[in-house]
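Comments concern the structure below.
The values are calculated or read from the model by the stated rules, or taken from the named source; none is laboratory data. The shown structure was predicted, so the numbers you read here are calculated from the model rather than taken from an experiment. For neighbour counting, all protein chains shown are included, and Cβ atoms are generated from backbone atoms with ideal geometry for every residue, glycine included. The protein model used for the area step is the full one, side chains on, heavy atoms only, and it has no ligands, DNA or RNA in it. Shrake-Rupley method; radii C 1.70, N 1.55, O 1.52, S 1.80 Å.
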Amino acid sequence: MTAPAYPTPAGMLTGRTMLITAAAGSGIGGATARRAAEEGARLFLSDTHERRLNETADAIADAGHDRPFVMVCDVTNKAQVQATVTTAVEQLGHIDVLVNNAGLGGAAPIVEMTDQQWSSVLDVSLTSVFRMTRSMLPHMYARQRGAIVNNASVLGWRAQKLQAHYAAAKAGVMAFTRCAAMEAAEHGVRINAVAPSLAMHAALGKVTPSGLLEELTAREAMGRFAEPWEVANVILFLASDLSSYMTGEIVSVSSQRA
């Protein structure tokens, strides 16, 4: 089965402002930035890769949209996270939507995994979600509105060898999403997450052991991997008023068989 045609914009985020982390390059973050711009959002993008960050912003501008504001941010650094949120609010006036997309993968058997490997994956993939959310919520609470969308993974539910650190981090993102949503609901803020299975992009092949991508693709009922923009579509749905009665939910973006 082949991927469907690229979606026609419908203005679902017209007038909204959005901060997206890890938004450079060809992955889900970059696709989310491009789709959000197409749907009318004004953007602030952050990433650790300055060159790719600006390339993504330039590509969005070249497509006829407002060039997003950009800022280099290491999501493992509390001061940089707070500075990014503060600057985004200053540049855009307010933030309607935060997309927590930063993540770090890799493969290692538990008996060979170092403390550093474990800690790095947990810090980037889980603790960054806490840091960004903690910094953003006071702003959204003051406005009594807002939406946060976190990027989890089906590995938060399912078992896969060599992925104990990443799976633990993504299960943590799911649990954090549910608990944070309960706190934020009384302030008019919704918090949800997506859980993709396999979205193909250039960087993924560089960190995945030989043969694994083919094996994972074979598990998909549709017989193919997702395009990053297919995951982005669900992120934008959760960011929009189309999901106005959803909070604390983890939406699987997957065709994996049970």
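Figures for the structure shown
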{"quantity": "D_trans [Stokes-Einstein, Kirkwood Rh over alpha-carbon pairs] for the chain, 4 °C, 1.567 mPa s, µm² s⁻¹", "calculated": "71 µm²/s"}
{"quantity": "Net charge of neighbours whose Cβ lies under 12 Å from the Cβ of Met71, counting Lys and Arg as +1 and Asp and Glu as -1", "calculated": "-4"}
{"quantity": "Distant-in-sequence amide H partners of Asp96 (H built 1.01 Å from N, under 5 Å)", "calculated": "Thr17, Met18"}
{"quantity": "Over the chain: helical MRE at 222 nm, DSSP H runs n ≥ 4 each giving -39500 (n - 2.57), nearest 500", "calculated": "-13500 deg cm²/dmol"}
{"quantity": "Relative contact order for segment 71-184, counting Cα pairs under 8 Å that sit 6 or more residues apart, in percent", "calculated": "32 percent"}
{"quantity": "At most 11 other Cβ within 10 Å, DSSP loop - trypsin sites (Lys or Arg not before Pro), segment 144-194", "calculated": "Lys161"}
{"quantity": "Per-residue HN-Hα couplings for segment 38-50 [Karplus 6.51, -1.76, 1.60; θ = phi - 60°; Hz; x = Gly/Pro]", "calculated": "4, 8, x, 7, 9, 10, 10, 10, 10, 5, 7, 9, 5"}
{"quantity": "Amide H contacts under 5 Å for Val70, placed H, 5+ residues apart", "calculated": "Leu45"}
{"quantity": "Amide H within-cut-off set for Asn150, under 5 Å, with H built and near neighbours excluded", "calculated": "Asn100, Asn192, Ala193, Val194"}
{"quantity": "Residues of the chain: accessible area per residue with a 1.4 Å probe, Å²", "calculated": "45 Å²"}
{"quantity": "Nearest 10 degrees, 0 to 90: helix 78-92 Cα axis against the chain principal axis", "calculated": "40 degrees"}
{"quantity": "Extension reserve of the Glu55-Ala159 stretch, reckoned as 0.36 nm per residue once the Cα distance is removed", "calculated": "33.8 nm"}
{"quantity": "Percent accessible area from carbon and sulfur atoms, segment 49-134, protein chains only, probe 1.4 Å", "calculated": "51 percent"}
{"quantity": "Whole-angstrom gap from segment 42-66 to segment 218-244, using each part's C-alpha centre", "calculated": "21 Å"}
{"quantity": "Taking the chain and dividing mean pair separation by its residue count, relative contact order in percent (alpha carbons under 8 Å, at least six apart)", "calculated": "20 percent"}
{"quantity": "From phi via Karplus (6.51, -1.76, 1.60), per-residue ³J(HN,Hα) for segment 112-118 in Hz, x at Gly/Pro", "calculated": "10, 6, 8, 4, 5, 4, 4"}
